[in-house]
Structures are given as structure tokens and as C-alpha cells.
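Asks: This structure is in C-alpha cells; I'll ask about it shortly.
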Amino acid sequence: MVLAIILSALAMTLIVGVRYLIVSGVFDLATRAKHRGLYAGLTPQIRKEIGWSLASSAIYGVPAGVVAWGWQDHGWTRIYTDLGDWPLWYLPLSVLLYLFAHDSWFYWTHRWMHRPRWFRIAHAVHHASRPPTAWAAMSFHPVEALTGAVVIPVLVFLIPIHVGALGFVLAVMTVMGVTNHMGWEMFPRFMWGGVLGGWLITASHHQRHHDEYKCNYGLYFRFWDRLCGTDKGIGSFERRSRTGRRAAAAGRRTDP
Ligand SMILES: [Zn+2]
Ligand SMILES: [Zn+2]
């Protein structure tokens, strides 16, 4: 049994790590093709981002592996495989519930990690990427990685979800994590401007968090930021790359 749990944890770590390398690698190539020079001079920083991200892969992989083992061997969790178990209308609703629950957890833990003491301990690593790149998606200190790693493994015990819908949630999580940090906007304007954009978070919104720290804390939705008055709207990539480069070149730290 112990061996089965260890193997499951190792397999999940490998899956999370390889998924990160592939997705970040693809968007790194896209960035270099579309925006030549955007990552110029950032190779030492990218190396650090990859190092922290691979460590985070293990922190994400272990709880996910234990839960996956319990699901397979003991029927733990409320993950279902038969589409008929819940009405079809519940499928998109379950995805929204997962994204909203994850977003809420992220918003409040993220705000907490911007308190000076916890920033130094847990969150400075993530903000050491100035400007962040496609490799910064999982560039977290282990304490921060732990706060992120428990979310899905806990939610699968609380909210029923079809295994395919869960795969979709994980895909959204991975792609948004990478693209929100890559330094340019790949989504069409309606997703970050206009009515829908007023509620969704893409790179245009998250880059402003990396510029200004004390705003735009959300993950997928602008709901909590707007409700709590921390939403400063979308930012500008030109400004970001200039200030980021200057800060990186000067080696100084912007206060959280
Ligand atoms: Zn970030
Ligand atoms: Zn932050």
C-alpha cells in the first residue's frame, strides 16, 4: 500500500512537471516568435523560475498523487466517470464552481501573502521575476506552492465533478498560469476589454499586479478584486517591460 501511494505521488509529480515544461516551453517559443527580444537578458531569471517551478511540481504532485490513489483504490472523492451520474447542465456549473472556489482561495491567500512578513517568507520568490516570463507560472516558494497544491485535492472531496470536467479545470489552470505571466496578451479583446473582460483575468490584468503589487490579486475572475476595491484595471505591457527591465538591471527590490 505504501509503495502504491509513493508510486502514485511520483507519477503525479512527473505529470505536473512535464506538463509545466511542455506548456511553458510552447508559450516561450510563441513569445520568441511573436515578440522577439522580450526575454532578452532574462536567461538567469528563467533558470531560477524553472528551478522553483520544478520544486513546486513535487509539492503539487504529492497530495494529488495520494488523492488519485485513494480515488482509484478506495473510491475516495466525488469525482465521477459516468456522464449520466449528474445532469448535463451540471457539467459547466461544476467547472465554474471549481474555478470560483479556486479563485476565492487564491485571492485571499494571495492578499495574506502580501502582508510584509509573509511576503518575505512566502511570496517574494514569485515577485523576483521582473518581468515574469512564461516560465514563472509555478515559480513559487514552497510555502506558497503548498497553499496552491491543496486546493484541487480538497475540492474533489467537496464538489462532485466529472473526470473530464476536472481535466478541463486543470487545463485552464495550467494555460492561464503560464499565459498570465508571459508578458503579452494572446486572448482576443473581448476577453480582457468590454463587459466580459471586466470580470475575467488574463495577462493584461495580472501583469499590473506584478508592476504595482498592491492590486489585482485575483486568479481567474475580477469578482473579489472589484468587491474589495483592489481592482486597478488592466495594465500596459510597454510600461511593464520597461520598469521590469530597469528594476532587474538595477537589482533593486520594489516593496510589496
Ligand atoms: Zn503572478
Ligand atoms: Zn503577488
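Asks: Look through HIS123, HIS127 and report the one residue that is within 16 Å of ligand 1 (Cβ to nearest atom) and under 24 Å from PRO153 (Cα atoms).
Replies: Residue meeting the stated conditions: HIS123.
Asks: OK, next. Which one of these is small (Gly, Ala, Ser), without any contact (Cβ under 8 Å) to a residue 60 or more places away in the chain and not in a helix (DSSP H, G or I): GLY51, GLY37, GLY84?
Replies: That would be GLY37, the only listed residue that is small (Gly, Ala, Ser), without any contact (Cβ under 8 Å) to a residue 60 or more places away in the chain and not in a helix (DSSP H, G or I).
Asks: Where residues in the stretch 130-145 are of a type in the set (Gly, Ala, Ser) and in contact with an Asp or Glu (Cβ under 7 Å, 6 or more places away or on another chain), which of them is nearest to ligand 1 (Cβ to nearest atom)?
Replies: ALA136
Asks: Moving to a separate point now. Return yes or no: is HIS141 within 30 Å of PRO63 (Cα to Cα) and out of contact with any Gly (no Cβ under 8 Å at 6 or more places or on another chain)?
Replies: For HIS141, the condition - within 30 Å of PRO63 (Cα to Cα) and out of contact with any Gly (no Cβ under 8 Å at 6 or more places or on another chain) - is met.
Asks: For the stretch 1-24, which positions are of a type outside the set (D, E, K, R), closer than 18 Å to ALA134 by Cα and surrounded by 14 or more Cβ atoms within 10 Å (Cβ to Cβ)?
Replies: Of everything in the stretch 1-24, those that are of a type outside the set (D, E, K, R), closer than 18 Å to ALA134 by Cα and surrounded by 14 or more Cβ atoms within 10 Å (Cβ to Cβ) turn out to be VAL16, GLY17, TYR20, LEU21, VAL23, SER24.
Asks: Kindly indicate whether any position in the stretch 167-180 is assigned to a loop (DSSP other than H, G, I, E, B), within 15 Å of ligand 2 (Cβ to nearest atom), of a type in the set (S, T, N, Q) and under 17 Å from the mean Cα position of the chain (by Cα).
Replies: yes
Asks: Now for a separate question. Looking only at the stretch 112-133, how many residues end up being buried (at least 19 other Cβ atoms within 10 Å of the Cβ), away from ligand 2 (no atom under 11 Å from the Cβ) and not polar (S, T, N, Q)?
Replies: Here the count works out to 2.
Asks: Considering only residues that are more than 23 Å from TRP224 (Cβ to Cβ) and polar (S, T, N, Q), which ones fall in the stretch 76-128?
Replies: THR77, THR81 - these are the residues of the stretch 76-128 that are more than 23 Å from TRP224 (Cβ to Cβ) and polar (S, T, N, Q).
Asks: Please find, within the stretch 175-230, the residue that is surrounded by the fewest Cβ atoms within 10 Å (Cβ to Cβ) out of those that are of a type in the set (D, E, K, R) and more than 23 Å from MET138 (Cα to Cα).
Replies: Among those residues, the one meeting the criterion is ARG189.
Asks: Sticking with this structure for a sec: So, in the stretch 13-34, how many residues would count as being in contact (Cβ under 8 Å) with a residue 40 or more places away in the chain and in contact with a Ser or Thr (Cβ under 9 Å, 6 or more places away or on another chain)?
Replies: So the count comes out to 12.
Asks: Still on this structure: Just checking, does the stretch 86-99 include any residue being over 25 Å from ASN180 (Cβ atoms), surrounded by fewer than 12 Cβ atoms within 10 Å (Cβ to Cβ) and not hydrophobic (A, V, I, L, M, F, W, C)?
Replies: Within the stretch 86-99, one or more residues are over 25 Å from ASN180 (Cβ atoms), surrounded by fewer than 12 Cβ atoms within 10 Å (Cβ to Cβ) and not hydrophobic (A, V, I, L, M, F, W, C).
Asks: Then there is this: In a helix (DSSP H, G or I), surrounded by fewer than 18 Cβ atoms within 10 Å (Cβ to Cβ), aromatic (Phe, Trp, Tyr) and at pLDDT below 95, is that true of PHE157?
Replies: No, not satisfied.
Asks: Going by the conditions given, is THR109 among the hydroxyl-bearing types (Ser, Thr, Tyr) and either more than 13 Å from ligand 2 (Cβ to nearest atom) or surrounded by fewer than 17 Cβ atoms within 10 Å (Cβ to Cβ) (or both)?
Replies: Criteria not met by THR109.
The values are calculated or read from the model by the stated rules, or taken from the named source; none is laboratory data. Computed from a prediction, not measured in an experiment: that's the story for all the values here. So basically every Cβ, Gly included, is an ideal-geometry build from the backbone, and we count neighbours across all protein chains shown.
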